[in-house]
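All of the numbers you see were taken from the coordinates with simple rules; none came from a lab. Being a predicted model, the structure only gives us computed values, none of them experimental. Neighbour counts run over all protein chains shown; Cβ positions are idealised from the backbone, glycine included.
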């Protein structure tokens with residue numbers, strides 16, 4: 001695949017705050033390594049930090065877990081079982097991460113598939129430095145605006161106290177003791193809360209819950225599960241047993257979990 005980039009002068013630094021840009025971490029998902037390296041050079045010239053290059057959805061998800069990027073650039077045509085649009089759908093389900101789609105195709109079928117996952121930008125190759133900069137800045141600005149809006153909408157929703165949390169169910173806020181919660185499971189833009197005899201559905205993703213709950217009590221052992229460490233019955237290299245259910249563990253969480261259990 002041929003790709004042409006046009007590197008302009010450094011006029012950008014007069015317009016944008018270099019200190020701010022340096023803090024922005026970008027993940028590249030592109031299986032054409034020549035293109036990926038060109039993009040990396042451009043982004044670094046613009047002052048961004050490239051925190052990783054992935055050639056497949058599997059690699060991308062691993063890098064998201066490890067690096068916590070602020071933005072992802074996703075090529076639609078990538079190697080592996082999932083293309084960039086399917087990867088985007090998984091990112092929407094499990095992470096607060098804006099993304100821009102990159103593609104050589106501008107046909108309506110591709111556009112409609114891309115629109116369905118709500119990207120914050122869409123770049124058709126070949127694109128130049130100014131296109132990239134404008135798309136990134138717009139994506140980050142719109143994402144920030146969406147987060148403020150969501151935060152305002154959710155002010156009266158679930159909130160966490162020292163030993164309990166309030167969840168909205170049947171039109172009212174119900175107090176739930178944290179020690180009664182066995183685990184949380186991701187469910188698209190919601191989370192399912194499991195106690196020993198009840199299940200609740202709350203309008204919060206696991207990443208938000210993880211930030212609110214004490215890490216020495218609740219741990220994100222897998223992208224889809226946040227568990228109460230005190231409720232673990234047994235541990236294997238790829239799963240834990242909790243409340244009679246086998247829950248998978250991410251590979252990089254197994255050693256951490258063993259060390260954490262020793263501290264309890």
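Summary table below
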| item | result |
| --- | --- |
| Segment residue 104-residue 148, extension gain: residue separation times 0.36 nm, minus the distance between their alpha carbons | 12.5 nm |
| Binned Cα-Cα distance frequencies in region 159-263 - 5 Å width, integer % | 2, 12, 25, 27, 19, 10, 4, 1, 0 |
| Two-decimal ratio, region 12-152, of alpha-carbon radius of gyration to 2.2 N^0.38 Å | 0.98 |
| Cβ-Cβ FRET estimate between residue 238 and residue 201, R0 fixed at 25 Å, reported to 0.05 | 0.40 |
| Hydrodynamic radius by Kirkwood, which averages 1/r over all alpha carbon pairs of region 204-264, in angstrom | 11.6 Å |
| Stretch gain in nm, segment residue 179-residue 66, where the contour uses 0.36 nm per residue and the Cα spacing is subtracted | 37.8 nm |
| Value of relative contact order over region 159-263, rounded to a whole percent, pairs C-alpha under 8 Å and six or more apart | 17 percent |
| Cα centroid of region 168-182 to Cα centroid of region 81-138, whole Å | 37 Å |
| Separation of alpha-carbon centers, region 187-202 and region 53-68, rounded to whole Å | 27 Å |
| Relative contact order of region 12-152, defined on C-alpha pairs under 8 angstrom at six or more residues apart (%) | 19 percent |
